[in-house]
Every structure is written in C-alpha cells, then in structure tokens.
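Structure, as structure tokens:
Computed from the coordinates by the stated procedures, all read-outs in this text should not be read as laboratory data. Predicted, not measured: the structure shown is a model, and the values here were computed from it. Methodologically, a virtual Cβ is constructed for each residue, glycine included, from the backbone with ideal geometry; neighbour enumeration extends over all protein chains shown.
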Amino acid sequence: MTETKKTTGRVFGRPTTFEDKWPTIENLKMRVTEKGYKEKGQGEQERVFTEKEFPGDFLKCHNPLCKDGEVDIGGIVSDMVAKTEEHKEGTLHCSGQEISGTYRSTCPNSFGYEVEVKYKK
Ligand SMILES: [Zn+2]
C-alpha cells in the first residue's frame, strides 16, 4: 500500500501549481455561480475558471457579514480526478458564519458549480 496524501495546495505553506496537483488534467473549465448576499445586497455572481486561471483550492465567500467563509472547489476537482469523471455539477454551501453583534448564524450563500474536465491521453 502506498500512502495517499490529501493535497490541499497548502502543503508546507506553498501553493502548488495546477499541473503539479492534477497532472492528468489536460483542460478544465469550471463555472461557479455564487448566490446570496454581497456588498450591495442580494445577488448572483458567475465566474469561470480554467486550468490556466485557477484561483486555488478555496474560493472566498462575498457575503460582507460572513466570517471565514469559503468553499473547497479544489476538493471537487480532486474528487473528479480520483474517479476520472468528466462532468460534474452541484452546489456547495458556504462554511462560514454570519456574525453581527452577538448574533451568529450559518452563512446563506451558496455556490452552484459545473465542471468539465478533459484528461490527457
Ligand atoms: Zn459565507
């Protein structure tokens, strides 16, 4: 049995490159739509990432009241690579908490995602 390490991209505090992390991926396209609260009230923001412009494993939440909110988009890709999946879609919920005075509640923002991956032959 070989040891399988769970790479988070923060090993030794250094970011790994996309290719180091997922060497079997030829192309990737990920569309993420964040829904919920933003600086200017409720809204929706869509972002598209590729293997050349990947923001890192974690995407920050834009809810101004949210503390430490982020979603693990790198985990989705790692999971797909482990199963050689080419298409995946779903929704991630923000892991942060809204804090306003003494009031705390789970952040309502959600991140819909759709990922297409092409693997190297
Ligand atoms: Zn949040």
Restricting to region 34-91, give me the number of residues that are within 16 Å of the ligand (Cβ to nearest atom), part of a strand (DSSP E or B) and of a type in the set (Gly, Ala, Ser). 3
Of the residues that sit in region 79-117 and are among the hydroxyl-bearing types (Ser, Thr, Tyr) and under 17 Å from the mean Cα position of the chain (by Cα), which one is nearest to Lys67 (Cα to Cα)? Ser95
Just one of Ser95, Ser105 is of a type outside the set (A, V, I, L, M, F, W, C), within 16 Å of the ligand (Cβ to nearest atom) and surrounded by 11 or more Cβ atoms within 10 Å (Cβ to Cβ); which is it? Ser95
